[in-house]
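Notes follow once the structure below has been shown.
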Amino acid sequence: MKVRPKITNLCKIAAACALAALFVAGESSCSQVELERQASAMTGGDPAKGREAISRYGCATCHTIPGVKGADALVGPSLEHVASRSYVAGVLQNTPPNMIRWIQNPPEVDRLTAMPNLGVTDTDARDIVAYLYTLK
């Protein structure tokens, strides 16, 4: 009889720990709407317009980009989790202004890059970066 209450208490403790872990995991993750709101606030851009601009500029020709139809190319790096990376293109600290700079004129940042200057406008660059910052 004495063993049973200890097992019950252990089960209660284990259940409480499991619930706490789920709560913490839920608190640390963001919904897509929240990610978009944060990305927009950081960049001044619109993630939905950014997704459209990515298609318009042909970024899918070289990159795999989650959430963009047909963006599964392997010429350039995958942009999955690009918002969580420390560097943009391996040379700039990953900040919105640096990513905007890179998208607007990659050869100016790294003369050896294969990524061309596509003439991305200021507005489109902000929107593209807003979308990319949702890819955590």
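The values are calculated or read from the model by the stated rules, or taken from the named source; none is laboratory data. Worth saying up front: this structure is predicted, and the values here are computed from it rather than measured. Quick reminder, even Gly has a Cβ in these numbers, built from the backbone with ideal geometry, and neighbours come from all protein chains shown.
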Could you run through the range 61-101 and say how many residues are over 13 Å from L132 (Cβ atoms), outside any strand (DSSP E or B), at pLDDT below 95 and touching a strand residue (DSSP E or B) at 6+ places or on another chain (Cβ under 8 Å)? 2
Looking only at the range 77-91, which residues are surrounded by fewer than 17 Cβ atoms within 10 Å (Cβ to Cβ) and farther than 21 Å from A41 by Cα? P77, S78, G90, V91
Of everything in the range 102-136 that's outside any loop (DSSP other than H, G, I, E, B) and among the hydrophobic types (A, V, I, L, M, F, W, C), which residue is farthest from D46 (Cα to Cα)? V109
Could you tell me which numbered condition E52 fails, if it satisfies all but one of (1) surrounded by 14 or more Cβ atoms within 10 Å (Cβ to Cβ); (2) not in a helix (DSSP H, G or I)? (2)
Any residue at all in the range 94-115 that's closer than 20 Å to Y57 by Cβ and exposed (fewer than 11 other Cβ atoms within 10 Å of the Cβ)? yes
